[in-house]
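The values are calculated or read from the model by the stated rules, or taken from the named source; none is laboratory data. The model shown is predicted, which means the values in this text are computed figures rather than measured ones. Backbone-built Cβ (ideal geometry, glycine too); neighbour counts: all protein chains shown.
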C-alpha cells in the first residue's frame, strides 16, 4: 500500500484561473507552456497578462470561462524534498543487527538538507473567478475583457536561521539575520475592465503594426497581513556575548464585518456575525494593466506589458504593529536576568490610527511568439506550431509575485484536426525555479478543454521531483 | 483502437508503479556544534562568607577584612551548693534537769559559715531528745531568727515536745518557706553565727535530776537567697568541649594559614555580689579523635592560667598571637577544643550575698583576621551527583566540548585546582580540569593567578586568566557512570606574602561554551 506523506507541503489551487503576478495564479494552458503567455495569450487568457492581445484574433470573437462544463481544477503540491531525497534522509538505514535506524548525516548531507529545507517557501494561492469573458468586436473597434475574481494568497518563508541552527549549530561572528523571514496573507476581490485595439499600421517599417491595450482594476481588500519590515538579527560576538536587535513591523487589516482589530493585543470577533458575499472592505485600491503587441511580420510578434500597476490603501480596521530594541545575552545566570531579557522583547506598540498601503503584484512582461509552421524556411509542417519566449520580472514581492526574473519557452503544437493540441514549455528562474510544462488541449464544438502540468519532470522522474501538479479547465468559444 | 485504450490505462499504472514508496519516517542523526555564552557571575568575598557562620566582616576595618571566629567555648555554672548539703549545720547539748522549769540558749552552726539572712526554700530540722530521768519532761525550742508569714501574722519556728522518762524521741520538721534573719539580740560571743534556739524545759521534779540529751540538726537546706560570710571552697573542675570550627572541612586550609592578627578573648562573668570566684588551672586544650597528643594554648609560655573573677562583674582579657601560640594552635587544627578550669568560691572569704539565679561563667573565643599568609592551603570537597538517567543519556550524546572560562580575579589568592569524577565504587573516571583532549598525564591542573597586591598586601589590580576545559567523546561516555565529583583547591596568597583578604575582593567569571553534540531520536 502506498503511503503518502506530504512533507512540508506547498499547495496552490485555483478555480477559473486568471494570470496574476509573475508566477502565481494562471490557467491550464499557461501551465502547459511553463507560464509562457505574454505574447500568445488571447481572449480571456489575455486578461491580466497583456490587454493589447484582446484585439488579436483568437479563432472566435467571444470566449468565456465558467465552471461549466468542466469545473476547473488546479492542484499543485510542492515539497522541499523529492521522494528520493525524503527516503534518503528520513527513510532510515539498516544497522548491523538488522534494525532500521536513522541515517547518520554527514557534513555534505547536512548541507544539502539545510539547503533544501532552509530555502523553502510555503505558498498557498487560491483564486475564484466568478466570471470572465472577452469579446473581439472587430479590428477597428478592438477587444474587450471583463473579470470578477476573488484571490486568496499566502506566502510564508521561515528564516534560514532555523535550519542553520538545527543542522549547523551556532557559530561565533556569524550574523544570524531574520530579514529573510517573510509572511504574507491577502484576500482581495478584483473587478477588471480591459480593452485592446490596433493603434498603428506600418506599411514599410520594421514592424507591421502595433496593438495597444489597457485594463482598469477595482480592488477591494478583505484581509492583509504582511511583515513589512524585519531587520532583526543576532550574532555571537568574539567576546562571547550574544548581541542582537529586533526591529520589525507588521501590517494587518481585515474586514470589520468579521472582527475588530486591536493590533498586538487581540482580534475580537464581531457580535451577530452574518455571512455576506459583499463584506465591507478593509482596504480599497485601483490598478492598471497596459500592454502592447506588435507584429514584426506574419510569423513573429512581440509583446510588452506591465500589469497590476497600483496599490491598495488599508484604512479601515487596520493596525501597524512595531517592535524594536536591542539585547545582549551573556548567559543564564539567574531567573531575574532571563526575565529581564524576555521583558525587552515585550516592547511592542500598535498603531491603530495610521493607514498603510500595499502594492499590487506589478509585473513587467516581455514576450515574443513565432508561428513556426508559417516560417519561410519551412516548406511543409504537420499542423501548426507556435513557439513563444517570455521574460517576466516582478517588481515587488506581493503575493504571486517575485523579484527574481523568470525566463520561459513554450511550444503549442496543433498537429491536425481531431488531434489534441500538444503543449510543452520550460521555465527557469523566478520563485519556483525550473519548471517543465506539458499539456493537452482539445476542442469539442464550442468548448475547449485543457489538461496540463507545469512540472512534467514529475511524470518523467517522479522520485526526484519536488513539484507535482495538475491543471484542468475549460473555455467556451463562440 | 483497442490497443490505444489499453495504452491509456497502462500509462498511469506504469507511472504510479515508478514512484518509490515513501518509507516510514525515521529521524536521522547528526552532529551539531553550538557556541554559546553560559553565564557571567560576579562574586565578592562578602557573598561567599554570608553563608558561613564562622566568618564575619569587620566593617570597622578600612579594608572590611574578614574575621574567622571559633564558637565561644563557654562554661556556665549555677550555684549548686545552695541546693546540696554544703550549708547544713547541727548542734547538740547534754544537761541535767534542774527544778520544775528552766531555759537556755543554743546555736546550731557550721564552722566558718556566717549567715546574716537567707530565704529557705526547703529544709528539715531533725531533732532527738533523750530523757534519762524517770519522770516526764516537757521541752519547747523556739528559733527567734526563723519566721514565716502566715496570713496577717508572723509565725516563729518552734518545737514543743513531751518526753516521758527514760525515753528518746526523734522528729523531723519541715522548714519550707521560712526566712532567716539573725536577730539583733542574738547572744553574741561564744555562740557566734548560726541558728539561735531558745530551749525551755519543764517537769514535775524538784531538785537536780538526771541529764537530758538534745541533738538538733538542720539539714537538706535549699536556699533561694543567702547573705553572709561563707568560707572558701571548691566548686569543682568544670569543662566544656566543642567541635573546632576552624578545622573540619577546612582543616587543610587552616593548616596552611599564618594569621597576622589573632585575638583570643577570655571572658568571665560573675553575678554574685561580694564573692570572688577563682579560676584555677584554666586551660584551652585541642584534642584529636585519632588519639594524637593534645595541643595546649600557651599563654605567656604556660599552658594554664590562674585568675579571679571579681564579684558582680563581666571582664574580658584579650591575648594575641604575640603572647600566645595561637597561630600554631590554629594550624594544628585539633578536632575539638576543651576549656577546663577549677572554680574556687569566695577565695578571699568575703561577705556577700547571692540568689539562686546568680551565674558564674567563663569562656574563650578565638578571632582571626584575614590579614594572613597562605601557603599551599588545600580545600577538598566531594559532591554527590544527583543526575537522572535520562539526563545522563543525553549528556553521553556529546562528542566534544570546550568550556572557556574567563576569570578576573580580584582576590589575592593564587588558586590551583583539580577536579575529577568517580564512579559508585569511587574509581576515578577522568579529570574534567583538563585543558586538552589528549588525556596527557600532567594535564589535570587549572591555575588561576592571584590579584596583584601592594607591600601591605592590599589588592591593587585584578589578574586575568583564561581557562579552557576540554572534554572528548570518551569523557562523555564515562560521565554516564559518574556518581561523585571531587574538587580540590590549593590556595596560596599572592607572591606568598601576607595579604589582606577583604570582603570587597571580587572574582568575575565569564563562561562560554562550545559543544559538539549528536542529535538523535531518544530511545
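Applying the criterion of at least 2 residues that are touching a helix residue (DSSP H, G or I) at 6+ places or on another chain (Cβ under 8 Å) to the strands (runs of 3 or more DSSP E) found wholly in segment B:338-414 leaves B:359-374, B:377-384, B:398-409.
Looking at residue B:47, is it outside any strand (DSSP E or B), within 14 Å of another protein chain (Cβ to nearest Cβ) and under 30 Å from residue B:261 (Cα atoms)? Break it down stepwise before answering.
Working: outside any strand (DSSP E or B): yes; within 14 Å of another protein chain (Cβ to nearest Cβ): yes; under 30 Å from residue B:261 (Cα atoms): yes.
Taking the combined requirement at face value, the residue satisfies it.
For every residue, the table says whether it meets (1) surrounded by 16 or more Cβ atoms within 10 Å (Cβ to Cβ); (2) away from chain B (no Cβ under 14 Å); (3) more than 22 Å from the chain's Cα centre (by Cα); (4) within 30 Å of residue B:511 (Cβ to Cβ).
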{"site": "A:317", "(1), (2), (3), (4)": "yes, yes, yes, no"}
{"site": "A:339", "(1), (2), (3), (4)": "no, yes, yes, yes"}
{"site": "A:346", "(1), (2), (3), (4)": "no, yes, yes, yes"}
{"site": "A:357", "(1), (2), (3), (4)": "no, yes, no, no"}
{"site": "A:372", "(1), (2), (3), (4)": "yes, yes, yes, no"}
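Residue B:136: surrounded by 14 or more Cβ atoms within 10 Å (Cβ to Cβ) and more than 24 Å from residue B:357 (Cβ to Cβ), yes or no? So residue B:136 passes the test. Can you tell me which condition residue A:171 does not meet? The list is (1) surrounded by fewer than 17 Cβ atoms within 10 Å (Cβ to Cβ); (2) away from chain B (no Cβ under 14 Å); (3) in contact with a strand residue (DSSP E or B) (Cβ under 9 Å, 6 or more places away or on another chain), and all the others hold. Of the numbered conditions (1) surrounded by fewer than 17 Cβ atoms within 10 Å (Cβ to Cβ); (2) away from chain B (no Cβ under 14 Å); (3) in contact with a strand residue (DSSP E or B) (Cβ under 9 Å, 6 or more places away or on another chain), the odd one out for residue A:171 is (2). Enumerate the strands (runs of 3 or more DSSP E) found wholly within segment B:420-523, keeping only those where 2 or more residues are within 14 Å of chain A (Cβ to nearest Cβ) and at pLDDT below 90. Hits in segment B:420-523: B:463-471, B:506-519.
Here's the yes/no breakdown for (1) in contact with a strand residue (DSSP E or B) (Cβ under 7 Å, 6 or more places away or on another chain); (2) surrounded by fewer than 19 Cβ atoms within 10 Å (Cβ to Cβ); (3) within 14 Å of chain B (Cβ to nearest Cβ):
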{"position": "A:167", "(1), (2), (3)": "yes, no, yes"}
{"position": "A:179", "(1), (2), (3)": "yes, yes, no"}
{"position": "A:183", "(1), (2), (3)": "yes, yes, no"}
{"position": "A:199", "(1), (2), (3)": "yes, yes, no"}
{"position": "A:209", "(1), (2), (3)": "yes, yes, no"}
{"position": "A:212", "(1), (2), (3)": "yes, no, no"}
{"position": "A:220", "(1), (2), (3)": "yes, no, no"}
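Residues that are surrounded by fewer than 20 Cβ atoms within 10 Å (Cβ to Cβ) and more than 18 Å from residue A:163 (Cβ to Cβ) within segment A:115-127 comprise A:124, A:126, listed in sequence order.
Just one of the listed residues (A:325, A:367) is assigned to a strand (DSSP E or B), touching a helix residue (DSSP H, G or I) at 6+ places or on another chain (Cβ under 6 Å) and away from chain B (no Cβ under 14 Å), namely A:325.
Yes/no matrix, rows are residues, columns are (1) buried (at least 21 other Cβ atoms within 10 Å of the Cβ); (2) away from chain B (no Cβ under 14 Å); (3) out of contact with any strand residue (DSSP E or B) (no Cβ under 6 Å at 6 or more places or on another chain):
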position	(1), (2), (3)
A:46	yes, yes, yes
A:52	yes, yes, no
A:60	no, yes, no
A:93	no, no, yes
A:106	no, no, yes
A:113	yes, no, yes
A:129	yes, yes, no
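To keep it simple, each residue is scored yes or no on (1) within 24 Å of residue B:218 (Cβ to Cβ); (2) surrounded by 15 or more Cβ atoms within 10 Å (Cβ to Cβ); (3) at pLDDT 75 or above; (4) within 14 Å of another protein chain (Cβ to nearest Cβ).
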position: B:8; (1), (2), (3), (4): no, no, no, yes
position: B:12; (1), (2), (3), (4): no, no, no, yes
position: B:26; (1), (2), (3), (4): no, yes, yes, yes
position: B:36; (1), (2), (3), (4): no, yes, yes, yes
position: B:43; (1), (2), (3), (4): no, no, yes, yes
position: B:52; (1), (2), (3), (4): no, no, no, no
position: B:59; (1), (2), (3), (4): no, no, yes, no
position: B:82; (1), (2), (3), (4): yes, yes, no, no
position: B:113; (1), (2), (3), (4): yes, yes, yes, no
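Among residues of segment A:451-466 that are within 20 Å of residue A:420 (Cβ to Cβ) and more than 13 Å from every other protein chain (Cβ to nearest Cβ), those with a beta-carbon under 9 Å from a residue that is in a strand (DSSP E or B) and modelled with pLDDT under 75 at least six positions away or on a different chain give the pairs A:454/A:76; A:454/A:467; A:455/A:76; A:455/A:78; A:455/A:467; A:455/A:468.
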